[in-house]
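The values are calculated or read from the model by the stated rules, or taken from the named source; none is laboratory data. Note that the structure is predicted; figures quoted are calculated from it, not measured. Glycine also receives a Cβ, built like all others from the backbone with ideal geometry; neighbour counts cover every protein chain displayed.
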Amino acid sequence: MAYLKWPLIVTAVGLVLSGWLGWATEHSLSGVFAFLLIGSVLATLEISLSFDNAIVNANKLVEMTPVWRQRFLTWGILIAVFGMRIVFPLAIVAIFAQVNPIEAMRLALAEPDQYSAIIGDAHGPIAAFGGTFLMMVALKFFLDEDKSIDWIGLLERRLRRIGSVRGFEIAFVLSIVVIISRYLAPERQAAFLLSAVMGLLIFTLVDGLGTFLDRSASSMAQLGAKGGLGAFLYLEVLDASFSFDGVIGAFALTTNILLIAIGLGIGAM
């Protein structure tokens, strides 16, 4: 129970902050409940996507010396929580809304109406980016031939047979993107398509990086046994690549960077 003390405290504080943020933003009980729901979903999303990360990290941490293990569990967690869950969402908002990250944070805190207007204009591209990435994550999970347990047995077995066709996931996602873009105003189609392709590209790069790091595990294990900086950096890059799923997928649910930071922060703890 002692291990759950701080995670439970962080969860309670995070949910209270989510509700308060909903009231401050929407000025209604429906806003409070909506933000609580989204915050809870974000936390659940982060937890579900972090299981594999935790297992991989644990396997590597066992091989590290106590000094470097403690450094990763302190510095590494701070970098993962504040870097990937706060700085990275700000960077995404800054890119799509075409403002600098500091200005994005200032607008979110001091001028929520203007921030909402800017994000409203950029909502389509952000949703396309996050939605495409998250769709690829889901397809990779359901089409995984090495998966031993199916949630929806009959459907997943059929999907795996179809998914054995090379490039099926990419073709399927791009087809959905093209169909959706046909229903958008002509002036919004280019930005939507470009953002969706960027989401697909980022997924491919992150997935490839994860595969590369996984294949390098044996050499990194030797570094970990020596307690070197190499193993620490390896775990940091690996942790960041795992975190992409939750952060980018969060933008498919909300563009409020404070709510994203709170929800993902709960899950990360």
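Restricting segment 162-179 to residues that are hydrophobic (A, V, I, L, M, F, W, C) and without any contact (Cβ under 8 Å) to a residue 24 or more places away in the chain leaves a set whose member that is nearest to A94 (Cα to Cα) is V178. Against the list (1) on the phi < 0 side of the Ramachandran plot; (2) over 18 Å from the mean Cα position of the chain (by Cα), the condition H27 fails is (1).
Taken over segment 210-269, the criterion of being hydroxyl-bearing (S, T, Y) and either modelled with pLDDT of 75 or more or assigned to a loop (DSSP other than H, G, I, E, B) (or both) is satisfied by S216, T254, T255. What do you reckon, is G22 touching a helix residue (DSSP H, G or I) at 6+ places or on another chain (Cβ under 8 Å) and either modelled with pLDDT of 80 or more or within 19 Å of L253 (Cα to Cα) (or both)? Answer is yes for this residue.
The residues listed here are E103, E63; of these, the one that is more than 30 Å from M136 (Cα to Cα), surrounded by 15 or more Cβ atoms within 10 Å (Cβ to Cβ) and modelled with pLDDT of 80 or more is E103. All of L73, L49 fail the test of being among the hydrophobic types (A, V, I, L, M, F, W, C), outside any loop (DSSP other than H, G, I, E, B), under 28 Å from L21 (Cβ atoms) and out of contact with any His (no Cβ under 6 Å at 6 or more places or on another chain), apart from L49. Taken over segment 168-203, the criterion of being out of contact with any Gly (no Cβ under 7 Å at 6 or more places or on another chain), at pLDDT 85 or above, loosely packed, with under 15 Cβ neighbours inside 10 Å and in a helix (DSSP H, G or I) is satisfied by I170, A171, S175, I176, V178, I179, P186, E187, A190, L194, L201.
Please state which one of I47, I38 is closer than 30 Å to F142 by Cα, surrounded by 15 or more Cβ atoms within 10 Å (Cβ to Cβ), of a type in the set (V, I, T) and modelled with pLDDT of 85 or more.
Numbers: I47 fails: modelled with pLDDT of 85 or more.
Step by step, each of I47, I38 is checked, and only I38 is closer than 30 Å to F142 by Cα, surrounded by 15 or more Cβ atoms within 10 Å (Cβ to Cβ), of a type in the set (V, I, T) and modelled with pLDDT of 85 or more.
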